[in-house]
1. So how much accessible area does Ile164 have, in Å² to the nearest 10, using a 1.4 Å probe?
2. Just by accessible area at a 1.4 angstrom probe, what is the order of Phe98, Phe152 from largest to smallest?
3. Can you give the percent of C-alpha pairs in the chain whose distance is more than 26 Å?
4. Under a 1.4 angstrom probe, counting protein chains only, how are Arg77, Arg60 ranked by accessible area, largest first?
5. For Cys147 and Glu99 in the same chain, what is the full-extension length gain: residue separation times 0.36 nm, less their Cα-Cα distance, in nm?
6. Can you run phi through the Karplus equation (6.51, -1.76, 1.60; θ = phi - 60°) for the range 79-86 and list ³J(HN,Hα) in whole Hz, with x for Gly and Pro?
7. Under 5 Å between amide hydrogens, which residues at least 5 positions from His9 or on another chain qualify, with H placed 1.01 Å from N in the peptide plane?
8. Less than 15 Å apart at the alpha-carbon level, and either on another chain or at least 8 residues along: which aspartates and glutamates does that give for Lys142?
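The values are calculated or read from the model by the stated rules, or taken from the named source; none is laboratory data. Please read all numbers here as calculations on a predicted model, not as lab measurements. When the accessible area is computed, the model is the full protein with side chains, heavy atoms only, and any ligands, DNA or RNA have been set aside. Shrake-Rupley method; radii C 1.70, N 1.55, O 1.52, S 1.80 Å.
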Amino acid sequence: MQNNHNKEHLYKILVIGDLGVGKTSIIKRYVHHNYSPNYRATIGVDFALKVLNWDQETVRLQLWDIAGQERFGNMTRVYYREAKGAFIVFDVTRPASFEAITKWKEDLDSKLTLANGKPVATVLLANKCDQGRDVLTNNGIKMEQFCQENGFVGWYETSAKENINIDEAANCLVKHIIASE
Ligand code: GDP
Ligand code: MG
């Protein structure tokens with residue numbers, strides 16, 4: 001029997017962070033289930049669509065991949081417009097990419113808020129965790145505190161290469177987006 005109450009949600013999700021941290025690789029892994037070690041900087045804007053069954057509802061995530069402009073460290077308002085959530089990504093092997101996180105978060109929050117004036121749900125991704133333990137995130141309590149102080153709803157150590165925690169991170173983001181609606 002058809003359920004006429006089956007709701008559909010379409011969410012624009014931003015994937016931001018410094019060049020080379022693995023944004024494109026994470027999206028490819030999540031949406032297309034593959035990974036390529038060959039570095040290819042994206043040119044233009046890339047979109048990918050991920051469809052999730054969420055309870056009795058359908059969630060469509062439209063993932064926006066920054067394409068080369070990340071080297072400037074800030075984006076235009078137009079790019080951020082109407083996004084409902086974001087991943088901010090750093091590379092656990094590159095401390096500078098972690099230091100850039102707060103800059104990305106400030107840029108995002110200064111240019112985008114939900115209709116109710118609140119910042120959009122943002123999840124922090126510590127990517128390339130397959131490269132070994134990293135000095136920044138091996139203390140879970142500190143990262144929890146960092147997230148609270150900087151307005152992240154959660155954080156995950158991820159690997160696009162080994163397919164670690166990407167689904168979990170996306171589910172966390174969706175959960176917070178739905179809860180805030
Ligand atoms: P972007 O500029 O943020 O989109 O980064 P890319 O997705 O293009 O990745 C930059 C480089 O890091 C590429 O050579 C990727 O193969 C590599 N890379 C991305 N994710 C991972 C990962 O989880 N582990 C490892 N070891 N390498 C990764
Ligand atoms: Mg890219």
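1. Solvent-accessible area, nearest 10 Å²: 60 Å².
2. Details: Phe98 35, Phe152 15 Å².
From most accessible down to least: Phe98, Phe152.
3. On the way: 4242 of 16290 pairs.
Pairs farther apart than 26 Å: 26 percent.
4. On the way: Arg77 145, Arg60 75 Å².
Putting Arg77, Arg60 in descending order of accessible area: Arg77, Arg60.
5. On the way: separation 48, 0.36 × 48 = 17.28 nm, distance 1.35 nm.
Between Cys147 and Glu99, full extension yields an extra 15.9 nm.
6. 5, 6, 3, 6, 5, 10, x, 8
7. The answer is Thr58, Val59, Arg60.
8. Excluding near neighbours in sequence, the set is Glu99, Asp134, Glu157.
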